[in-house]
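Here the structure is laid out as structure tokens; the discussion comes afterwards.
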Amino acid sequence: MTRTGTGRTGAAVESVRSALGAVHAIRALRGHPTPVLDAVLAVRQLGQAVLVRRSETPDAHTASALVDALHGASMVPVVLVSRRLRRFATVQLVVAVALAVAEVVAVGRPARPGAHRR
């Protein structure tokens, strides 16, 4: 089943993801309270943006949405258990959900069988 979508929306999502990765890198270098987590997230977000942007396929955006959903899910126990990391994890959870939704929107809806592609 082919899917429509990606294009400008996908490029916009990966631009936002790149900016987010840059913010994490700056935070890590400036010694914010979570420099190791920021450094790891900077590498992940920038790497993910580059890989998805280079492939520009619906499958890449779908895989990216799955990575974001897993990241968001991994933040739930941290939000519930860690007082020290609760704020950081809550922000990560919200960002992960937003990016996952944006990736799904970038993929678009399945193409109807027999529909002509433009």
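The values are calculated or read from the model by the stated rules, or taken from the named source; none is laboratory data. It should be emphasised that the depicted structure is a prediction, and the values quoted were computed from it without experimental measurement. Every residue, glycine as well, gets a Cβ built from its backbone with ideal geometry; the counts of neighbours run over all protein chains shown. Ligands, DNA and RNA are excluded from the accessible area calculation, which covers all protein heavy atoms including side chains. Shrake-Rupley method; radii C 1.70, N 1.55, O 1.52, S 1.80 Å.
One table, with the values for the structure above:
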item	result
Where a residue in segment 8-23 is closer than 23 Å to G108 by Cα and its partner, wherever it lies, is among the basic types (K, R) and part of a helix (DSSP H, G or I), with Cβ under 9 Å and at least six apart	G10/R53; A11/R53; E14/R53; S15/R53; R17/R53; S18/R53
Only one of R53, R30 that is in contact (Cβ under 8 Å) with a residue 40 or more places away in the chain and open to solvent by 50 Å² or more (accessible area, probe 1.4 Å)	R53
Residues of segment 78-107 satisfying the condition of being of a type in the set (V, I, T) and modelled with pLDDT of 95 or more	V78, V79, V81, T90, V91, V94, V95, V97, V101
Number of the exception - Q48 against (1) among the polar types (S, T, N, Q); (2) closer than 13 Å to A11 by Cα; (3) out of contact with any Asp or Glu (no Cβ under 9 Å at 6 or more places or on another chain); (4) buried (at least 20 other Cβ atoms within 10 Å of the Cβ)	(3)
